[in-house]
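To keep things clear, I will list the structure first and then write my remarks on it.
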Amino acid sequence: MRLKRLEIAGFKSFREKVVVDFSPGISGIVGPNGCGKSNIADAIRWVMGEQRVKTLRGKKMDDVIFNGSEEAAPVGMAEVSMILTAEGQPFPGNYAECSEMMIARRLFRDGESEYTINKIPCRLLDVREFFMGTGVGARTYSLVEQNSVASLVEAKPEDRRQFIEEAAGISKYKSRRESAVRKMEATRENMVRLNDILREVKTQLNTISRQAKRAEQYKALKQSLKEAELTVALQTCADLSACRASREEAKHALKNRETEVRTRLQSIEAALEKLKAEVLENDGLISAHQEKRYGTKNTINIKEQGIEFSRRKIADLAARREKDLAEGEALKRREGETDGEIASLRTAAAEAEERIETLRKEVAEGAQTLEELRRMDRTCRQALEEKKVRYIDIVTEKAKLKNMVVGLARMVEDFGKREAREVREIEETGKRSAELRRTLEKLRSGLAVEEEGFAEIGQRREEIADELERARGELAEAEEKIAGLREENSRKAARLASLREFEESYAGCNEGVKSLMTGGKGSDRPGLSRELFLGLVADHIRVPREYETAVEAVLGEKLQYVVVKDQTDGVRAIDYLKSASLGRGSFVPLEVRSHASGASLAEHEHLREAVPLIDRITVREDCRAIVNELLGDVLLIPNLGSGISLWRQNGFCGTFVTPEGDIISPSGILTGGSGNGNDRSLLRNRREIMELTEEVAKLQAELQEEQEGRKKAASRIAQWDEELLRLRSQVHLTELRINGLRKDVERYEGELRQVGERLKALHFNRENLAAEAADARGKIARHEADMKAVEGKEAVLNAAMAGDRERGDALRADLEEREQALTERKVRLASLEEKLEADRRTLARLETSLVDHSREIAARTADAETCEREAQALAAQIAAEEEALQGLYAECETIEKTLSAKRDAQQDKETLLRTRETEIRETKKVLDGQLREGTELEVAAREIALQLENLQRNIQEKHGADLVQLLPEFHPLAEEALTALADRLERDRQAVENFGEVNLLALSEHEELKTRFEFLTGQIADLNASLDTLQKTITRINTVSRQRFAETFAGVNQCFQQVFSRLFPGGRAELSLTDENDLLETGVDIEIRIPGKRTQSVTLLSGGEKSLSAIALIFSILLYRPVPFVLLDEVDAALDDTNISLFNRLVKDTAAQSQILLITHNKKSMEIADSLYGVTLLKQGVSTLVSVSLN
């Protein structure tokens, strides 16, 4: 089996769906901190059924759903799917035939979740059972995280055992054994309860058998009564059926007459509908003519309006023609004025052109002179710039030399300061060396003291461990005793609850007493509440165990007498039992007449050896009169022989009873024998309830005392544990201090060596500084001589540059005067040219305007001619429209005459329509009368049907018989037979009333109790068989578990020794059992010896040593029992480079048999991977995946 693919969607930082295809061998998962690498490990653990939210690094389960970020919205579901491939090895259980398996888990934000195997919904238990025994699971050694590596070594021995169990493949056996033990406990509790119920059911079965026989006789009498009542009912039903048939015939004749009237009514209505259709058709023709008339009038109005519009338009055209002619004359006058203005503008333009030409010649001459002056100025400037460049070079050289001199002077000064600083540091280093030697002496003495204290703490810890072991033994004994007390308490409490249940339900009492005593305030008994009944006679007496049989034999059914306040309450209760048919009952009031014979008991000397039975029982004071009445004349005798002897001595009229329940009645009748030992009674039940209540209270007190003792023992263990933990912590802290002191000694020794080397370096630096200072002073003297030569060259160049500046200033003054004069001429020239251009534009505008005037005059003339032509056309159109209007007037008059004729015909048809409607109303009145008569017949028929229905329902409810089915086979009786039947019916009813109290439910109760008794007997047999099967199963599981655990422990121990020696060359480690005699519960301890150290506990190791020890244990299990795949989440984080190499070799060896998923930051670990999967955050809070195959 191999992990082929992992699909993640909406889980933690993986918002979008990510598919990880894992290859065989070693797969590395890398990426920066916080990118989501460990979320892949959490996804694998989660899909395999992890329920611990803390292990998944959350506070609640819906924390695994992506909750959104600044760049991505949250999602509503997290889903992870794991695809496994068989790789030639079959899957476990029912999935052996599959080549691939897909396990998936979904979680929705509303809390709903689901698991699937191969896309089929399943339970969490199914997923866990699939992985059991494979070494793979949410809590197995195949998933190893960084924070769990060291905790594996520091875990309790019992917790380490789980890894050995998983490697042995017995985790599934352990789960099944725990399930079997729980089933056994539940089965035993059920058996205790079933035995109690079985005894009570047997008692009830004996009581109800007698009542069932009397019920059989009562049923036969009721059957005879039922047959007679059915015969009378059938006779009545036959008479009612005949009456209903006659009503049906009358209703049929009336229906025929109604049909005739309806036919005539339909013919009249048809003629009416035809007439209505003609009226509607004529309405349509009238509407069409009205529309035509409206259209003609509308056309006339339109033409009249058109003629009026044309006449107004002719007037408008005449006015426009006059206006066009007037505007044409005005344009001709404006055209002459424009010609004069154009001539004057042409003369001014010619004069301006002559002045412009003269100014242009003057500007050209001035520009030529300026250009010559500018050339001379540029020559002068160029010579001056060359001298400036030479001057800058000289100044730069001078500054450079000056800076060098200043820098060398500063160097000399700095050398002096550095030499002084070196001297001071030499002095301080000497002092530091002396101080380090003193500190080193103190540390060495402190280290010796700490080592002595460490030995003393170790001795004290061993003493406390021995005390703790003794306290744990005492706690185990207390736990065992508490378990026994709890089991006994549970058994007796179950028996007590069963007895109380029978007592509260008044089981064993007759139906009447049970119905009265179990009714509450809300029961359906108007005026008869439960508070009226003060209990049974048995509730008011307390009888010792040895006299129970005697009292029950004497009282018998009287124990079930109901105690009431007075006889009125008893009468009301009897009335209720009669009305509800719930059987019979006896009621005894608090005030009863005293027993007369008891007063003369002391007068009979021969009765002194007999004891009044009432003196041997306890009676409540308010019921003493009742008990005196029931037991006042009963004497307790040792045996029947003495009783017969006393009875023969005349003078006492009472009852004698022995403790065994043998009775001698006042008339001498003997009653006795042996009873069924399993029979239950009211007195015995109440006495057993009291005894069980006391025993349960005593057991609970004893249990409480033992629990207090257990708490104290647990408290002592907790104190010793705390003390041991404190000592362990103190040992750990002392060891840390010792290690710290050793490191401090080593550090100070190294620092002392560094101080000596520093002194040598300081003396060497001081000598170098003196040599460098002398060399710098020589360079300063040479640079100062060079500076004097450069200053002479600077003075000569300054004089030459002053002459060049004076010549250049004179040339620039002359140039500026000439440029100003030339600028003035250019301004005048530009002004004249601009004025000339404006005159030319004005001239062009006037010429264009002159052309526009000519065009406008022609347009006005043409428009006047067009107006005249349009006026003539409109006049001709008006004449044609007036002629058409005369024809429309004639057509409109014709339409008016036709419309008047149509309206007259329509009025005649409407008169005929009203006549037909009157005829229809008369016919409907006749039909309504027939309908009323039919309704009366229907009502009569329904009354007969209702009587029949009531009769059938009464018979159905009373006797459960259907008269409709019995009626065809019934032959009506003659009058004499019917009278005889009525007499017999009355006699049977009287016999039923006089029959007395009968429990009709006794038959069904007898069958139910018998069936229940047989069922309970079978259930007890099945439970016993189940207990045997479960015990055999547990024994077989324990045997297999012991054998597999022993084999696996030996194999893992051997592998652990080999792997540990590879990680710690020269070291030794071994696994040991805390209790070799109990392989089912024993823990697993680790004994380790690091090279150079003595054998010690794993808690005293350093962080790296703990990690390597845990890695050795995990890989030893993997080497002994390989798993399909192993996930290592930053396990190598605490290892240095040397141990990383050892770790990588182990991973390579394991990869030959198991698929490795390695989450790491270490580059050496990445090098051994066959494939790398990079996890990164392209968006904030959203992880993505990139995979690379290195092969």
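The values are calculated or read from the model by the stated rules, or taken from the named source; none is laboratory data. In this text the structure is predicted, and so the values were computed from the model without any measurement. So basically every Cβ, Gly included, is an ideal-geometry build from the backbone, and we count neighbours across all protein chains shown.
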Residue that is modelled with the lowest pLDDT [pool: residues in region 1135-1191 that are in a helix (DSSP H, G or I) and among the hydroxyl-bearing types (Ser, Thr, Tyr)]: Thr1138
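Name the residue, out of Arg176, Arg161, Arg182, that is at pLDDT below 75 and either under 35 Å from the mean Cα position of the chain (by Cα) or under 22 Å from Asp1078 (Cα atoms) (or both).
The unique qualifying residue is Arg176.
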Does region 267-288 include one or more residues that are touching a Leu at 6+ places or on another chain (Cβ under 8 Å) and closer than 30 Å to Leu885 by Cβ? yes
Criterion: basic (Lys, Arg) and surrounded by 13 or more Cβ atoms within 10 Å (Cβ to Cβ) - qualifying residue of Arg914, Arg942, Arg921, Arg932: Arg942
List, please: which pairs have Cβ atoms under 7 Å, are six or more places apart or on different chains, and start with a residue in region 945-973 that is farther than 16 Å from Ala238 by Cβ and end with one that is of a type outside the set (Asp, Glu) and surrounded by 11 or more Cβ atoms within 10 Å (Cβ to Cβ)? His959/Lys226; His959/Leu230
Test of understanding: among Glu746, Glu688, Glu705, Glu723, which residue is exposed (fewer than 13 other Cβ atoms within 10 Å of the Cβ), under 54 Å from the mean Cα position of the chain (by Cα) and not in a loop (DSSP other than H, G, I, E, B)? Glu705
Selection within region 736-755 - farther than 17 Å from Arg444 by Cβ and at pLDDT 80 or above: Gln754, Val755
Scan region 55-100 for residues that are of a type in the set (A, V, I, L, M, F, W, C), surrounded by 15 or more Cβ atoms within 10 Å (Cβ to Cβ) and either over 27 Å from the mean Cα position of the chain (by Cα) or not assigned by TED's automatic domain parsing to the domain that holds Leu124 (or both) and report the count. 4
Selection from region 947-962 of residues that are surrounded by 11 or more Cβ atoms within 10 Å (Cβ to Cβ), under 60 Å from the mean Cα position of the chain (by Cα) and in a helix (DSSP H, G or I): Glu949, Gln952, Arg953, Asn954, Ile955, Gln956, Lys958, His959
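Conditions (1) without any contact (Cβ under 8 Å) to a residue 12 or more places away in the chain; (2) farther than 22 Å from Asp988 by Cβ, marked per residue:
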position: Glu185; (1), (2): yes, yes
position: Asn190; (1), (2): no, yes
position: Leu198; (1), (2): no, yes
position: Ile208; (1), (2): no, yes
position: Leu225; (1), (2): no, no
position: Ala238; (1), (2): no, yes
position: Glu249; (1), (2): yes, yes
Run down Ser597, Ser581 and say which single residue is closer than 30 Å to Arg214 by Cα, modelled with pLDDT under 80, hydroxyl-bearing (Ser, Thr, Tyr) and assigned by TED's automatic domain parsing to the domain that holds Thr658. Ser581
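Rundown of residues vs (1) touching a helix residue (DSSP H, G or I) at 6+ places or on another chain (Cβ under 6 Å); (2) farther than 17 Å from Arg109 by Cα, yes/no style:
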residue: Ser13; (1), (2): yes, no
residue: Gly34; (1), (2): no, yes
residue: Asn39; (1), (2): no, yes
residue: Phe66; (1), (2): no, no
residue: Glu71; (1), (2): no, yes
residue: Val75; (1), (2): no, no
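A quick yes/no check of all residues on (1) more than 42 Å from the chain's Cα centre (by Cα); (2) loosely packed, with under 14 Cβ neighbours inside 10 Å:
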| residue | (1), (2) |
| --- | --- |
| Arg461 | yes, no |
| Arg472 | yes, no |
| Ala483 | no, yes |
| Arg491 | no, no |
| Arg495 | yes, no |
Kindly provide the set of residues from region 620-670 that are among the acidic types (Asp, Glu) and either crowded, with 19+ Cβ neighbours inside 10 Å or touching a Phe, Trp or Tyr at 6+ places or on another chain (Cβ under 7 Å) (or both), ordered by number. Asp633, Asp662
Filter result for the condition that a residue is free of Cβ contacts under 8 Å to residues at least 24 places away in the same chain, surrounded by 11 or more Cβ atoms within 10 Å (Cβ to Cβ), in a helix (DSSP H, G or I) and more than 60 Å from the chain's Cα centre (by Cα), over Ala349, Ala399: Ala399
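With free of Cβ contacts under 8 Å to residues at least 40 places away in the same chain, part of a helix (DSSP H, G or I), within 30 Å of Ile286 (Cα to Cα) and hydroxyl-bearing (Ser, Thr, Tyr) as the only criterion, which of Thr911, Thr898 stands out? Steps first, please.
Numbers: Thr898 fails: free of Cβ contacts under 8 Å to residues at least 40 places away in the same chain.
One residue alone meets the criteria, Thr911.
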Surrounded by 20 or more Cβ atoms within 10 Å (Cβ to Cβ) and either under 19 Å from Phe1125 (Cβ atoms) or at pLDDT 75 or above (or both), is that true of Phe108? no
Would you point out which residue out of Ala270, Ala215, Ala253, Ala277 is in a helix (DSSP H, G or I), over 30 Å from Glu975 (Cα atoms) and in contact (Cβ under 8 Å) with a residue 24 or more places away in the chain? Ala215
I'd like to check something: does region 1123-1133 contain any residue that is assigned to a helix (DSSP H, G or I), β-branched (Val, Ile, Thr) and either in the same structural domain as Lys4 (by TED's automatic domain parsing) or touching a residue at least 12 places away in the same chain (Cβ under 8 Å) (or both)? yes
Only residues in region 1140-1166 that are closer than 21 Å to Ile44 by Cα count as the first member; pair them with residues that are among the charged types (D, E, K, R), Cβ under 7 angstrom, at least 6 apart or cross-chain, and list the lot. Gln1155/Arg2; Ile1159/Lys37; Ile1159/Asp1129; Ile1159/Glu1130; Thr1160/Glu1130; Thr1160/Asp1132; His1161/Glu1130
Lone qualifier among Arg378, Arg418 - being in a helix (DSSP H, G or I) and surrounded by 13 or more Cβ atoms within 10 Å (Cβ to Cβ): Arg418
Of everything in region 1061-1083, what is farther than 30 Å from Tyr173 by Cα and either in contact with a Lys or Arg (Cβ under 7 Å, 6 or more places away or on another chain) or of a type in the set (Gly, Ala, Ser) (or both)? Give them in sequence order. Ser1061, Gly1066, Gly1067, Arg1068
